[in-house]
1. Identify the single condition in (1) closer than 23 Å to Phe116 by Cα; (2) within 27 Å of the chain's Cα centre (by Cα); (3) hydrophobic (A, V, I, L, M, F, W, C) that Val218 does not satisfy, given that it satisfies every other one.
2. Can you name the strands (runs of 3 or more DSSP E) wholly within the range 330-419 that have at least 1 residues being of a type in the set (Gly, Ala, Ser), in contact (Cβ under 8 Å) with a residue 12 or more places away in the chain and farther than 23 Å from Thr53 by Cα?
3. Can you tell me which residue is farthest from Ser520 (Cα to Cα) among those in the range 457-488 that are among the β-branched types (Val, Ile, Thr) and at pLDDT 95 or above?
4. Mind checking which residues of the range 502-544 are closer than 30 Å to Trp58 by Cβ and either among the aromatic types (Phe, Trp, Tyr) or free of Cβ contacts under 8 Å to residues at least 24 places away in the same chain (or both)?
5. Do we have Phe482 as part of a strand (DSSP E or B), in contact with a Phe, Trp or Tyr (Cβ under 9 Å, 6 or more places away or on another chain) and closer than 26 Å to Pro396 by Cβ here?
6. In this structure, is Thr124 at pLDDT below 95, assigned to a loop (DSSP other than H, G, I, E, B) and in contact with a strand residue (DSSP E or B) (Cβ under 6 Å, 6 or more places away or on another chain)?
7. Based on what the data block shows, is Val96 hydrophobic (A, V, I, L, M, F, W, C), under 25 Å from the mean Cα position of the chain (by Cα) and buried (at least 21 other Cβ atoms within 10 Å of the Cβ)?
8. Given the residues Thr454, Thr443, which is the only one that is at pLDDT below 95 and β-branched (Val, Ile, Thr)?
Amino acid sequence: MSSLPQYEMLNAPAIPDGDRQFFGVNSYLEPEALPIGFVQTAHDMRFDGNRATVRKGWDFLAGTVDVTYSAGTEQIFEAGRYSDPDDGNLDWIVAVMKDKAIIWNEDNPNGLIVNFVGGATSTTTAMDITVVQAFNKVFILRSGEQALVWDGDTTDDSVSGTSDSEFLLIDNVYTPTPLLGDEFPTTGAGIYFNDRLIGIQPTDVATPTKAVTGAQTVVMSDLLAPNNITPVDGTYGGGEFYMNQGAADWTVGFSPWLEHQLIVFNRRSIHLISNVHATSIAEKDTVETRYGCVARRSIAQGGGYIFFLSDDGVFTLSSARDSVTGAGLTVSKVQGATTPLSQSIQDEIDALDYTESVISLACGVVHDNKYYLAIGTDVLIYDILNQAWVSKDTYPESIINWVVMPYGTSIRLFAIAKTGWYMMEENAGLDDRNREIGSTVSTDTLAISAKLKTRNYHGATTGTKKFPRVRIGADVTTSDAFTVKLNTVDPDRSGTLSSYTATATDDTAIKLRSRLRGYSCNVEVDVTAGSPAFRWIEVDAVVPGGNNQRTVE
């Protein structure tokens, strides 16, 4: 055979690697092991339609309200939704202040003031108050003070922007007090379910049945009688349920479930009360003792799932099959997941401040097939359709709660801050900031700084290789701006390939050159202006050795 030297191709073929669509973020697994469509970092992004799109900013809508913000008094401590069945079938945000509530919607941009009579609140924190609707009435439950009740009359007196009706002490609305049993407790946490007002008995107040202090009990009012607790019938004391069973545990919040069932979230356990509609036959069962709920406002129901934040991350309760065991249960039962839903973003969970006074203020909501979990200025977002976490957002103001209600022709999500309320997903590439209720000045905005960092690409080959070309498919609008970096692994190097600014509205393919080499690489996109969408990202890998000689016998 010939002993002449033979040569391989001078230009070795490029091996493309990349993602043609995007599903979610996974910062828990090694970037080398991520499946196609997952990225290792996503800040202020959305993955709707399998595209990675910079989120839209929030829009401050409390500037026209006839109240001037003042910390400690004219600030918002809590908010809820009032769905008005009487006066035009309108929905309102109910924003609770120290001695009044402001109700607001798009038809009443100046808002209406509903004053508190005979029992103004003291200065409180957001965790001390809950807004609850019962038919056409609105209750403000307050820790350490009697609940307030408003009849829901939104008639404006047309002079001062004040409602003709006022919030009254619950004793002044439901008389005589008590009717047959005990009055509703001075609690800041509660729910209206199955025609009963349900709350937590304060530990320093004697329980209705045994006159015991220091107990953790859940009390339920009589049907259609919110201020009447009658623990006189039934095996479990009628309207009173002991929840801690002698353990170092306490009740945090509630969520309704199917077939007259109420889920009770303790700090370190979860329980289920059945037959709430008839407390004489009610039963209590334990659902979970491995974990509980750290923040009552993190509890949010979406379809057949209940999301909440625990010490180990975000968990779900459901009647569906467990994601790990595959075991199925009947629809009327409830079970906790074996593994946390937030496992793929465990690094973000580990970074949370679990100091009780901080983590207890976390708040969650389900909207537009997404679970939003706010902890201060940060929001973690889980996409229910993609079944994946998609982003960590950062906002200029801490979020204390959420309200979902109609606005315009659709249902919109509002973020509640102590200085006012914001409509989410509204402004392209900009967040309102430094705004206060009653301030019409709206010139201060902040560009959204979004980041997308792909999984590691290695061209399905081992060893060091060149990455000479990067291609990005993007939908851009004029003035959208972002930089593109290529980061390599073994050796670890980083280089900025482009600082791109769109000059027109277009769907474009951006082609970039690189001189970097390594075992693998990832593409990092940092957006500085606008809301571009990224459809696909692709990298070429070239294995060195195209010029090596070899002799074939």
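1. Unmet condition: (1).
2. Numbers: elements: 363-367, 370-383, 388-399, 401-407, 410-417.
Once the strands (runs of 3 or more DSSP E) in the range 330-419 are filtered for at least 1 residues that are of a type in the set (Gly, Ala, Ser), in contact (Cβ under 8 Å) with a residue 12 or more places away in the chain and farther than 23 Å from Thr53 by Cα, what remains is 370-383, 388-399, 410-417.
3. First, pick out the residues of the range 457-488 that are among the β-branched types (Val, Ile, Thr): 461-462, 464, 470, 472, 476-478, 483-484, 488.
After this cut, where a residue has to be at pLDDT 95 or above as well, the list is 470, 472, 476-478, 483-484, 488.
Values: Val470: 13, Ile472: 18, Val476: 28, Thr477: 32, Thr478: 33, Thr483: 20, Val484: 17, Thr488: 6 Å.
Residue satisfying both the conditions and the ranking: Thr478.
4. Of everything in the range 502-544, those that are closer than 30 Å to Trp58 by Cβ and either among the aromatic types (Phe, Trp, Tyr) or free of Cβ contacts under 8 Å to residues at least 24 places away in the same chain (or both) turn out to be Phe534, Trp536.
5. Yes; evaluated as a whole, the condition is true for this residue.
6. On the way: at pLDDT below 95: yes; assigned to a loop (DSSP other than H, G, I, E, B): yes; in contact with a strand residue (DSSP E or B) (Cβ under 6 Å, 6 or more places away or on another chain): no.
In short, no.
7. Details: hydrophobic (A, V, I, L, M, F, W, C): yes; under 25 Å from the mean Cα position of the chain (by Cα): yes; buried (at least 21 other Cβ atoms within 10 Å of the Cβ): yes.
Yes.
8. Values: Thr454 fails: at pLDDT below 95.
From the options Thr454, Thr443, the qualifying one is Thr443.
The values are calculated or read from the model by the stated rules, or taken from the named source; none is laboratory data. Nothing here was measured: the structure is a model prediction, and the numbers come from that model. Because the Cβ atoms are built from the backbone with ideal geometry, glycine has one as well, and the counts that use them run over all protein chains shown.
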